[in-house]
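Structure first, then comments.
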Amino acid sequence: MAMEIYWISGSPYAWSVLLTLELKKLDYTSRLLVESEGQLKTPEFLALNPRGLVPVMRDGDVVLPESLAFLAYIEAKAPDPPMFGQSATQTGRIWEFMLACHNYLISPVDRIVGPSLESHIYGGVDENADGMRQAAKIVKPELDHLEAALAGRDWLVGPELTAVDMVVFPFILLFKRAVAHKSVAPLDLGFGPISEQYPAIGAWKERIAGLDGFEKTYPPHWREAA
């Protein structure tokens with residue numbers, strides 16, 4: 001029986017998992033849920049993850065509700081192509097970048113994404129302007145670090161695409177979408193078109209967008225809004 005992945009459109013955590021499944025060419029059953037219809041709060045879903053969050057993976061009797069745990073599980077089950085490095089140094093660097101993303105990038109990105117793309121939950125840009133400006137000051141050095149890491153190379157760690165590219169990429173796309181929103185322009189957060197301001201990141205994004213299976217993972221509601 002194929003693995004099942006429960007996800008919602010636009011979840012960067014779920015997107016990293018879907019990209020990895022496609023890269024490893026694994027069979028899986030997609031369970032796309034709609035949060036606005038209460039599908040994350042049904043008894044059936046809460047039995048899988050009492051927190052009511054995605055992604056959730058079910059593989060037979062194994063259920064994992066955390067994306068990094070899911071990526072590690074996939075790697076152990078299907079180690080080709082390797083996503084967590086082929087040397088101790090590569091493995092360490094991959095985890096360094098992934099943890100830096102989770103510890104330093106995600107929170108300030110969320111503080112910008114929420115008011116711009118999910119104002120019905122977080123309130124609009126006007127009432128969150130100060131927090132968004134502070135968040136932008138935190139995001140900028142993190143993007144500078146990623147740009148430096150990608151200068152002269154295709155992937156963040158080593159000569160091949162790895163798990164860290166899959167983890168970081170969705171948050172960069174989400175941030176790009178948020179700062180480009182018309183409601184954010186009056187704040188002058190200091191970000192222009194990401195691919196122009198950060199050309200190495202821009203080229204890296206295009207490489208990932210060209211991967212086999214990428215189109216299957218692209219958030220459906222983003223496509224509909226385009």
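Figures for the structure shown
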| read-out | value |
| --- | --- |
| Efficiency of FRET from Cβ geometry, THR89 and ARG51, R₀ 41 Å, rounded to 0.05 | 0.75 |
| Scaled radius of gyration (Cα, divided by 2.2 N^0.38 Å) that the range 43-170 gives | 1.26 |
| Distance from the range 86-110 to the range 12-37 (C-alpha centre basis), Å | 21 |
| Rg followed by Dmax, in Å, when the range 3-77 is reduced to its Cα trace | 11.6, 35 |
| The chain - charge dipole about Cα centre, Lys and Arg +1 at Cβ, Asp and Glu -1, debye rounded to 20 | 140 |
| Phi-based couplings in Hz for the range 169-174 (Karplus 6.51, -1.76, 1.60; Gly and Pro marked x) | 3, x, 6, 5, 5, 5 |
| Principal axes of the chain: Cα extent on each, largest first, Å | 51, 45, 29 |
| Charge dipole (the chain, unit charges on Cβ, about Cα centre) - positive-most of ILE194, ILE8, TYR122 | ILE194 |
| Highest to lowest packing among 108-116, 150-158, scored as the average C-beta count within 10 Å | 108-116, 150-158 |
| Local electrostatic count at ASN49 - Lys and Arg +1, Asp and Glu -1, tallied over other residues with Cβ under 15 Å | -1 |
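Readers should treat all values here as calculations from the given coordinates under stated rules, not as data from a laboratory. Source: prediction; values computed, not measured. Positions of Cβ are backbone-derived with ideal geometry, glycine not excepted, and every protein chain shown enters the neighbour counts.
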